[in-house]
Amino acid sequence: MLHLDTSKISGAVSATELQALQGKATDALRALHAGSGKGSDFLGWLNLPTSISAAEVADIKATAAKLSAGVDVVVVIGIGGSYLGAKAAIDALLHSFDALQDKSRRTSPLVLFAGQNIGEDYLFELMETLQGKSVSCIVISKSGTTTEPALAFRLIKNFVEQTCGKDEAKNRIVAITDKSRGALRTMADKEGYKTFVIPDNIGGRFSVLTPVGLLPIACAGVDVAALVQGAAEMEKSTAQDVPFEKNLSAQYAAARNALYAKGKKVEVLANFNPKLHFVAEWWKQLYGESEGKDGKGIFPASVDFTTDLHSLGQYVQDGERMLFETVLSVAKAKRCVTVPLDKEDLDGLNFLAGKRVDEVNRMAELGTQLAHVDGGVPNIRIELSDLSEHTLGELIYFFEKACGISGYMLGVNPFDQPGVEAYKKNMFALLEKPGYEKETAAIKDRIKN
Ligand code: PA5
């Protein structure tokens with residue numbers, strides 16, 4: 001079970017101040033479950049883990065097996081909520097050098113991502129890498145109209161059709177999108193692709209436990225049933241009848257809101273395990289899009305320690321005191337590396353000889369926590385017993401639930417994202433997309449002046 005420690009925020013928030021927020025957190029939790037808060041038509045994620053059926057998991061696994069059979073690479077196309085959850089889980093759970101594993105040792109295809117940027121070099125190099133390889137594709141877009149994945153899919157679709165023929169391409173492409181709306185739905189129906197539906201009541205950033213996340217994760221060889229099981233356990237232990245004292249999501253939401261009220265406007269999610277880099281990226285979308293609105297919200301940032309202690313460490317220790325740190329800690333490493341003894345000890349490291357590298361890392365973590373708390377950075381600590389499908393599932397649901405509670409405590413609608421549209425309107429106007437003629441004229445005037 002995940003462990004949460006909020007005791008090290010006491011330098012900024014008193015026990016009485018934190019206690020004052022318990023009622024607010026409990027009200028927010030109840031509003032979520034009652035469906036009485038803002039954006040309540042987007043609560044499909046709330047009871048999702050316990051309601052995913054064995055048949056749904058079996059369908060996902062069977063589809064993954066079909067997409068993977070005899071294939072070198074599965075290209076997963078999507079952006080934002082249609083990308084980050086799968087990327088986070090795959091990076092957290094797979095071998096760090098998966099891409100370099102010998103082909104004969106692979107039990108699953110390599111999963112590569114596209115459509116998460118508009119980098120011409122990225123796309124060129126991806127297409128170059130795919131040459132001579134057997135490729136299948138999962139294309140994901142809830143709206144079905146997002147430019148980045150649409151553009152990447154046009155390239156990958158052409159590639160798959162040219163390399164294995166249009167008929168076989170139908171077996172190699174799966175689309176995950178809205179049940180009836182959007183260009184991707186129209187195309188999937190016309191081309192005869194297998195599809196999965198993203199439920200109307202689940203927003204992109206809450207969709208990792210739908211086929212959006214589960215299908216790519218299954219293609220990478222990860223046990224999706226165990227991931228869902230971990231999430232289901234966290235769903236039960238953060239339910240509305242679980243009191244604040246035992247409800248970890250409510251406690252985390254209360255702690256971060258208490259810190260925000262004290263002027264701590266930036267939350268830095270810190271990990272001491274490079275496999276968690278993309279968990280933090282997923283978390284940033286979850287919290288940034290959910291809370292950053294109406295001129296309010298904690299800015300979600302992230303660091304990979306100890307790497308970033310050698311770049312951002314100075315600021316965290318000593319810069320402007322508007323930060324708090326949430327450390328994502330893994331109690332034990334999966335693999336074992338001990339520091340070897342060296343007869344000459346020219347590097348002076350023999351004091352570490354025989355120790356696990358993980359022990360060195362844990363001392364770095366403890367030392368950092370003490371230093372940062374001394375430096376006026378309140379510290380929240382989330383500990384996973386290990387890094388597995390089960391604990392990652394717990395963590396995903398823990399953060400989602402806390403996000404809903406926290407957004408309600410802040411007084412915003414945590415389930416919309418009106419701000420995401422602003423850049424798109426300008427980009428379409430600048431690219432002279434049909435239907436944007438008025439905006440094109442206006443933006444050209446604006447640039448001229
Ligand atoms: O949270 C959101 O809705 C967005 O950031 C989306 O995740 C992102 O724009 C991708 O959207 P779509 O899945 O519709 O292509």
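The values are calculated or read from the model by the stated rules, or taken from the named source; none is laboratory data. Being a predicted model, the structure only gives us computed values, none of them experimental. In this analysis, Cβ positions are derived from the backbone assuming ideal geometry, glycine residues included, and neighbour counts consider all displayed protein chains. Calculation scope for accessible area: heavy atoms of the full protein, side chains included, ligands and nucleic acids excluded. Shrake-Rupley method; radii C 1.70, N 1.55, O 1.52, S 1.80 Å.
When every residue of the range 80-100 is checked against the conditions, at least one turns out to be at pLDDT 95 or above, within 13 Å of the ligand (Cβ to nearest atom) and not in a helix (DSSP H, G or I).
How about the range 41-51: which of its residues are open to solvent by 50 Å² or more (accessible area, probe 1.4 Å) and assigned to a loop (DSSP other than H, G, I, E, B)?
Of the range 41-51, the ones open to solvent by 50 Å² or more (accessible area, probe 1.4 Å) are 41-42, 47, 50-51.
Result: ASN47, single match.
The residue that is nearest to the ligand (Cβ to nearest atom), counting only those in the range 116-164 that are crowded, with 23+ Cβ neighbours inside 10 Å, farther than 22 Å from PRO199 by Cβ and among the small types (Gly, Ala, Ser), is ALA152. Residues in the range 8-21 that are open to solvent by 70 Å² or more (accessible area, probe 1.4 Å), polar (S, T, N, Q) and more than 14 Å from ALA250 (Cβ to Cβ): SER10, THR16. Would you mind stating whether VAL111 is touching a Lys or Arg at 6+ places or on another chain (Cβ under 6 Å), closer than 26 Å to TYR193 by Cβ and among the hydrophobic types (A, V, I, L, M, F, W, C)? Spelling it out, it is not the case that VAL111 is touching a Lys or Arg at 6+ places or on another chain (Cβ under 6 Å), closer than 26 Å to TYR193 by Cβ and among the hydrophobic types (A, V, I, L, M, F, W, C). If you go through the range 52-79 and keep only what is farther than 23 Å from ALA99 by Cβ, outside any helix (DSSP H, G or I) and among the aliphatic types (A, V, I, L, M), you end up with just ILE52.
Among the residues of this structure, PHE398 counts as one that is modelled with pLDDT of 95 or more, more than 16 Å from the ligand (Cβ to nearest atom) and closer than 24 Å to ALA86 by Cα.
Only one of LYS38, LYS24 is within 26 Å of GLU289 (Cα to Cα), open to solvent by 50 Å² or more (accessible area, probe 1.4 Å) and in a loop (DSSP other than H, G, I, E, B); which?
Of LYS38, LYS24, the one residue that is within 26 Å of GLU289 (Cα to Cα), open to solvent by 50 Å² or more (accessible area, probe 1.4 Å) and in a loop (DSSP other than H, G, I, E, B) is LYS38.
If only residues of the range 346-371 that are within 26 Å of the chain's Cα centre (by Cα) and either outside the structural domain of LYS264 (by TED's automatic domain parsing) or surrounded by 14 or more Cβ atoms within 10 Å (Cβ to Cβ) (or both) are counted, the one that is farthest from GLU320 (Cα to Cα) is ASP358.
Given the options ALA69, ALA62, ALA54, name the one that is open to solvent by 20 Å² or more (accessible area, probe 1.4 Å), closer than 26 Å to ASP386 by Cβ and over 23 Å from the mean Cα position of the chain (by Cα).
ALA54
Quick test for you: out of GLU245, GLU291, GLU235, GLU267, pick the one residue that is among the acidic types (Asp, Glu), more than 16 Å from the ligand (Cβ to nearest atom) and either in contact with a Gly (Cβ under 7 Å, 6 or more places away or on another chain) or free of Cβ contacts under 8 Å to residues at least 12 places away in the same chain (or both).
GLU245
Only residues that are in contact with an Asp or Glu (Cβ under 6 Å, 6 or more places away or on another chain) and over 21 Å from ILE90 (Cα atoms) were counted in the range 259-306, giving 4.
Residue-wise test of (1) within 24 Å of the chain's Cα centre (by Cα); (2) surrounded by 13 or more Cβ atoms within 10 Å (Cβ to Cβ); (3) not in a helix (DSSP H, G or I).
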| residue | (1), (2), (3) |
| --- | --- |
| ASN413 | yes, yes, yes |
| GLU421 | yes, no, no |
| LYS424 | yes, yes, no |
| ALA429 | no, yes, no |
| LYS438 | no, no, no |
| ALA441 | no, no, no |
| ARG446 | no, no, no |
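For LYS334, the requirement of being more than 30 Å from PRO418 (Cα to Cα) and touching a Leu at 6+ places or on another chain (Cβ under 8 Å) is met. Scanning the range 178-194 for residues that are within 24 Å of VAL57 (Cβ to Cβ) and surrounded by fewer than 18 Cβ atoms within 10 Å (Cβ to Cβ), we see that the one that is farthest from the ligand (Cβ to nearest atom) is LYS194. Which of (1) closer than 18 Å to ASP72 by Cβ; (2) modelled with pLDDT of 95 or more; (3) among the β-branched types (Val, Ile, Thr); (4) surrounded by fewer than 14 Cβ atoms within 10 Å (Cβ to Cβ) does THR107 not meet, given it meets every other one? Condition (2) is where THR107 drops out. Of all residues in the range 207-223, none are assigned to a helix (DSSP H, G or I), away from the ligand (no atom under 16 Å from the Cβ), more than 18 Å from the chain's Cα centre (by Cα) and in contact (Cβ under 8 Å) with a residue 40 or more places away in the chain.
Just to verify a result, which residue in the range 374-395, among those that are closer than 24 Å to GLY11 by Cα and surrounded by fewer than 18 Cβ atoms within 10 Å (Cβ to Cβ), is nearest to the ligand (Cβ to nearest atom)?
Checked the range 374-395; the qualifying residue nearest to the ligand (Cβ to nearest atom) is GLU383.
Which residue, of VAL266, VAL224, is over 30 Å from ALA62 (Cβ atoms) and modelled with pLDDT of 95 or more? Lay out the reasoning, then the answer.
Numbers: VAL224 fails: over 30 Å from ALA62 (Cβ atoms).
Going through VAL266, VAL224 in turn, just one is over 30 Å from ALA62 (Cβ atoms) and modelled with pLDDT of 95 or more: VAL266.
Could you please find all residues in the range 379-411 being out of contact with any Pro (no Cβ under 8 Å at 6 or more places or on another chain), in a helix (DSSP H, G or I) and under 24 Å from LEU93 (Cβ atoms)? Passing the criteria: GLU389, HIS390, THR391, LEU392, GLU394, LEU395, ILE396, PHE398, PHE399, GLU400, LYS401, ALA402.
Selection of the range 279-304 for residues being among the hydrophobic types (A, V, I, L, M, F, W, C) and open to solvent by 40 Å² or more (accessible area, probe 1.4 Å) yields only PHE299.
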